[in-house]
Structures are given as structure tokens and as C-alpha cells.
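Here the structure comes first, spelled out in C-alpha cells, and everything after it is commentary.
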Amino acid sequence: MTDAALTNAEARRDALASQINAAQQQIDEWKRELRSVEQFITTWYSFAGVEAPEAQQSVAVAPSSEGAVMPPVPNAVSAKRGRNSKKEEVAEAAYEVIRERNEPVSRSDLYKELIARGLRIEGSDPEMVLSTMLWRMKDRVVRLKSGGYWLADVKNDEIGYEPAPPETEAELQVRIATEHPDMDASVEPISD
């Protein structure tokens, strides 16, 4: 005849072990999802050409002692990478490089020159990060169909580049009406 206390203790032990196993499986699933989300965030910042905020943190996921909570620690990628230069600074420096050379400059050459001038452009594909930054600053530097980059506001007959004329008031009104159909067209625009 077995002792009821021993039988109850063994049953409780088995139930707790089962719960711990189920919890560990859930934790493993959450860790996989966390890695996937962190990879997406890193990739997004890289392709967006946007600086990751310094506050970007990841939760430390490691075995901890009973009841201890692991504090957030800087994401390894963020800590290693640092901040990229602002797109406005990159565009201005690119403008100067192209102006000095007075000819279209390839992305690769432009990247090397900007880095040599102390700008920071990093990511999984730094030259693509540069392209994205310059694409967002089309009013300063444009990518030519024939390849390379040129000054957005400077005509170049040799390469057949003509800057876009400034937007007229009528064109501005049409663009605003198209982009914001809910806006009342009868409202006068605010002027300085």
C-alpha cells in the first residue's frame, strides 16, 4: 500500500513538470518571434535610410534566476552600428561632391567620397541606404536614367538633364486637391 502523501506529491510533481514544459515551449516560440521582429526592425531602418533611435532596445532573453527579471539591454545591432548621418547632411555633401567634380557621379564613388568626408552611412547595404537618402532629397540631388547622380537644380546639356520647372500656383492647387480630396477647395491657402 502506497502512502497517499507520496502519491499526491508525485502527481503534483508530474503536473508541475508538464506545466514547466508547456511554458518552456511557449517561451521558445516567443523567442523565435522576438528574433523575427527585431530582424524586421533592423532591416526596416536599413532600407528606409532612417536612423534607428538610440532608445531602440531589445529585451535580454536569457535564463534567469528564480523571480529575477532581466532589464532591457541595447540591441546588439544598434550598439554596433551607431547612427547614420542625417539625410539632409548627406544630400548637401553629395551636392558639393558633384558640384566640385562638375560631372555625374556614380553611387559607389559618391558613397566612398561621402565616407571619406566623415559622413556615416551604414546598414546591411550601405550604398542602398545612400540611394534611399538621396531619393528622399530629390530637390538637391537626382539619379539619372543613364546612371549616376547629378544636381537637381542645374541644367546639363551634355547628359540631357533639364531641371523640373518650379510648380505654378495652379499646379499646386491641383496637386493639393488630388492628394487631399476631403479638403474644401474654396478655402483660401494660408500665405505668409
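Points worth noting:
- Taken about its Cα centre, the range 87-179 carries a charge dipole of roughly 280 debye when the Cβ of each Lys and Arg holds +1 and the Cβ of each Asp and Glu holds -1.
- 25 Å Cα-Cα reach of residue 145 towards lysines, excluding residues that sit fewer than 8 places from it in its own chain: 87, 112, 155
- Length gained when the stretch residue 10-residue 170 is fully extended (0.36 nm per residue, less Cα-Cα span): 49.3 nm
- Spin-label pair residue 3-residue 144: with each label point 7 Å from Cα along the Cα-Cβ axis, the two points sit 9.1 nm from one another.
- Backbone geometry of the range 82-96 corresponds, through the Karplus equation with coefficients 6.51, -1.76 and 1.60 at θ = phi - 60°, to 3J(HN,Hα) couplings of x, 9, 6, 5, 5, 4, 5, 5, 4, 5, 5, 5, 4, 4, 5 Hz, x marking Gly and Pro.
- Three semi-axes describe the equivalent ellipsoid of the range 87-179; taken as square roots of 5 times the Cα gyration tensor eigenvalues and ordered largest first, they are 26, 17, 11 Å.
- Ordered by the count of other Cβ atoms within 10 Å of each Cβ, fewest first, 47, 40 give 40, 47.
- Ranked list, fewest to most other Cβ atoms within 10 Å of each Cβ, for 38, 169: 169, 38
A short reminder: the numbers here are calculations on the coordinates, not readings from a lab. Quick caveat: nothing in here was measured; it's all calculated off a predicted structure. For neighbour counting, all protein chains shown are included, and Cβ atoms are generated from backbone atoms with ideal geometry for every residue, glycine included.
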